[in-house]
Amino acid sequence: MTSTPKPTPFTIPSHSDAVLYNRPDLKSVLVHSQPSSYKQYGFRAILCFDSKPLIPTHLGLPELDNYEDKVFLQVAGENQGFILQSQQAPHHWMMEINTTDYIVLLQFINREWNLLTSKLNYQLKMMREGTEPIRISNQLAFYNHGSSYFKTNISSHLVLKAWIESGDGKGIIHCCLEKMTNHGGGPEEFMILPMESLTTLAQDALGMKAMTDILVYYKSRVKK
């Protein structure tokens, strides 16, 4: 028998032995979000467990016949709110994936993103200095300006890409998520990822554990 999930307890300061537990119902939606600020893009993931959940209209989700195991990713511009489906948001600010892919994406960011950014920034430094060869292969290299790209598969149909360009004066690392077509062609759609906000969410150990426990519990309930 699957046990009831145990979300991270909220301790009442005046009573150290008292805790408050909150757990969403099967027909609720789970919102995992980091709001935007005046210098940072916001990110929000809306997770659905049931085929016909109770969805607040202000979340702006598209109308579907079945929402089971779907996650809706949304991005907010700097110091702005999240763009809703009804506002005809550009493709690269909204995307639909599943719950397993979302957890895998967050786990990758938590474990690998800091190391990857260090590697990309080191490549940028070498390109701008122009004194060391930038390797393309063991026998092929170049000097001075160029770009450094990274790509990994989150799943069979989701690809995460990151890149940096020496000609970019700000030296920004860009990142996007691509959803591939079922027939193996190019990307069906893509989404620009605000990595500062995503990193904050992925590195929140307590929030990640609570969300994972909730997903495991409700996936087992849906199968029954």
**Study point:** Filter result (surrounded by fewer than 16 Cβ atoms within 10 Å (Cβ to Cβ) and acidic (D, E)) within segment 146-184
**Key:** D168
Check your understanding: So which of E132, E189, E112, E178 ends up being farther than 24 Å from S33 by Cα and among the charged types (D, E, K, R)?
Key -> E132
Exercise for review: State the number of residues belonging to segment 85-129 that are at pLDDT 90 or above, among the hydroxyl-bearing types (S, T, Y) and either loosely packed, with under 14 Cβ neighbours inside 10 Å or at positive phi (or both).
Suggested key: 2
Practice item. Go over the candidates I172, I103, I164, I154 one by one and state the one that is in contact with a Ser or Thr (Cβ under 6 Å, 6 or more places away or on another chain) and within 25 Å of Q34 (Cα to Cα). Key: I164
Check your understanding: Just for segment 48-80: of the residues that are touching a residue at least 40 places away in the same chain (Cβ under 8 Å), surrounded by fewer than 18 Cβ atoms within 10 Å (Cβ to Cβ) and not polar (S, T, N, Q), which one is farthest from C176 (Cα to Cα)?
Key -> E68
Check your understanding: Restricting the search to segment 17-39, which residues are hydrophobic (A, V, I, L, M, F, W, C), surrounded by fewer than 16 Cβ atoms within 10 Å (Cβ to Cβ) and outside any loop (DSSP other than H, G, I, E, B)?
Key -> A18, V19, L20, V31
Practice item. Test K119 against the criterion of being farther than 25 Å from V159 by Cβ, more than 20 Å from the chain's Cα centre (by Cα) and charged (D, E, K, R), and give yes or no. Key: no
Point to revise | Residue, farthest from V31 (Cα to Cα), within segment 150-201, restricted to residues that are touching a residue at least 60 places away in the same chain (Cβ under 8 Å) and β-branched (V, I, T) | key: I192
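The values are calculated or read from the model by the stated rules, or taken from the named source; none is laboratory data. Quick caveat: nothing in here was measured; it's all calculated off a predicted structure. Don't worry about glycine lacking a Cβ; one is built from the backbone with ideal geometry, like all the others, and counts go over all protein chains shown.
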